[in-house]
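Peer 1: Structure incoming, see below.
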Amino acid sequence: MRLWPPDRPPGRQPARAFFLLAAIVAHAGAAAVGADGVASVGSVSAVQKVIELLESMSAKAQAEKQAEEKDYAKFKQFCDDTIAMKTKELKEANELIASLSADIAELGADINRLESKIAELNQLVDKSKSDLKAAQLQREKDSASYTEQIEDHAETAYALERAIAVLQKQNYDRKQAEEALLQLASNSRLSEDSRRTLAAVVQLAEAQQGDDFLTREAPEAHGYEFQDGGILELLKKLQDDFSQKHSEAEKEEMNSRMAHEMLSQDLTGTISGAEGDIADRTGWIQEKQAEMASKKRELGVTTADRDATDTYLRDLKVEALEKGKSFQEKQGLREEEIDVLQKATELLRSPDVLGSAEAHLPA
């Protein structure tokens, strides 16, 4: 590929041709005078015209030599400037390519880290949602259990309260009292000892109609010892126990509800925070992917430009080397040509040739 305007058209023939021409002219001038002094060919003016021709050719050769030197100087300056500029561009392009490649690699690593973190956050969200669902199911079970306990304890305490109210009347209805005690004796929430004692009292009441058995001490045969010796005291104690159990169940239900609410808040906060982090990191990934795509495009363009610059620079250096050699060869030929022309002119101007022509040849 030619990177500089083409050379000038070829000049004249090699200097050896001019040397031959000069030798012929000199020989012709010498031969113009014979042994008898009679002119055989030519004239003085012919020799002079040959000298003028040789001088013109020498001047033209020198002018062409100078023109070639000027053209080559321009070409060399162009090559020096362009090589320096392209070398700098090549260095800058390589630096930019290295920088872009490093940026792309770093962006890729950032994206991988973000994707890994998003995967972790998704796992956290899934686990937290699963834990929240499990906690909700457990809370529903606990609530149902505590509600049942509270209702059962409340009903039992109320039954005891009614039985106590019946027994505390001055003239209570024995049948009503027996029914109340029988109902309590069948209450599964009471302890087995209490149920057996109440059942024994009812049986004793049925066996001893008319006797005020309810104020008696419970029979020791049934294995229950009363603090104050009376069935009424037993019922009051049981009422206190179930009232306390009712309060404890309500407290446990409240604690369970509060614990569930706190756990739900924590899990909901964890889910919300993780989903927010996922959204943020997803946005960052999109930004980095867009930046990476832009840098990849820039890298492609820069690499193509760098390769074109490198090719141009290599070709220019080759052409500069070839033209340098060609210039030196041409300059040598020009110098040889000019030297031959000058010597031929000097030969024709020599006294031997020019003097003989003036003396013997017609003007």
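Peer 1: Give Asp126, Asp142 a once-over and let me know the one that is in a helix (DSSP H, G or I), under 60 Å from the mean Cα position of the chain (by Cα), acidic (Asp, Glu) and modelled with pLDDT of 95 or more.
Peer 2: When all the criteria are applied, what remains is Asp126.
Peer 1: Are any residues in segment 308-344 without any contact (Cβ under 8 Å) to a residue 60 or more places away in the chain and under 30 Å from Val50 (Cβ atoms), and if so, which ones?
Peer 2: Within segment 308-344, Glu329, Gly332 qualify.
Peer 1: Across segment 39-98, what is the number of residues that are farther than 27 Å from Lys325 by Cα, free of Cβ contacts under 8 Å to residues at least 12 places away in the same chain and within 60 Å of the chain's Cα centre (by Cα)?
Peer 2: So the count comes out to 4.
Peer 1: Next question. Which condition breaks for Ser130 when tested against (1) under 28 Å from Thr282 (Cα atoms); (2) in contact (Cβ under 8 Å) with a residue 24 or more places away in the chain?
Peer 2: (2)
Peer 1: Related question: Listed residues Ile118, Ile104, Ile111, Ile150; which is crowded, with 16+ Cβ neighbours inside 10 Å, among the hydrophobic types (A, V, I, L, M, F, W, C) and touching a His at 6+ places or on another chain (Cβ under 8 Å)?
Peer 2: One residue alone meets the criteria, Ile150.
Peer 1: Of Leu263, Leu348, which residue is in contact with a Gly (Cβ under 9 Å, 6 or more places away or on another chain) and either without any contact (Cβ under 8 Å) to a residue 24 or more places away in the chain or at negative phi (or both)?
Peer 2: Just one listed residue meets the conditions, Leu348.
Peer 1: Restricting the search to segment 314-343, which residues are open to solvent by less than 40 Å² (accessible area, probe 1.4 Å), of a type in the set (S, T, N, Q) and more than 60 Å from the chain's Cα centre (by Cα)?
Peer 2: Gln331
Peer 1: Consider Gly269 carefully, then state whether it is small (Gly, Ala, Ser), over 30 Å from Leu90 (Cβ atoms), open to solvent by less than 60 Å² (accessible area, probe 1.4 Å) and assigned to a helix (DSSP H, G or I).
Peer 2: Criteria met by Gly269.
Peer 1: Is it the case that segment 236-244 has a residue that's in contact with an Asp or Glu (Cβ under 8 Å, 6 or more places away or on another chain) and assigned to a helix (DSSP H, G or I)?
Peer 2: yes
Peer 1: Anything in segment 304-363 that is among the small types (Gly, Ala, Ser) and at pLDDT below 90? List them, or say none.
Peer 2: Passing the criteria: Ala344, Ser350, Gly355, Ser356, Ala357, Ala359, Ala363.
Peer 1: If I filter segment 276-295 for residues that are part of a helix (DSSP H, G or I), open to solvent by 70 Å² or more (accessible area, probe 1.4 Å) and closer than 30 Å to Gln136 by Cβ, do I get at least one hit?
Peer 2: Within segment 276-295, one or more residues are part of a helix (DSSP H, G or I), open to solvent by 70 Å² or more (accessible area, probe 1.4 Å) and closer than 30 Å to Gln136 by Cβ.
The values are calculated or read from the model by the stated rules, or taken from the named source; none is laboratory data. Note that the structure is a prediction, hence the values are computed from the model and not measured. Ideal geometry is used to build each Cβ from the backbone, glycine not excepted, and the neighbour counts take in all protein chains shown. Ligands, DNA and RNA are stripped out before the accessible areas are found, and what is left, the full protein with its side chains, is counted by its heavy atoms. Shrake-Rupley method; radii C 1.70, N 1.55, O 1.52, S 1.80 Å.
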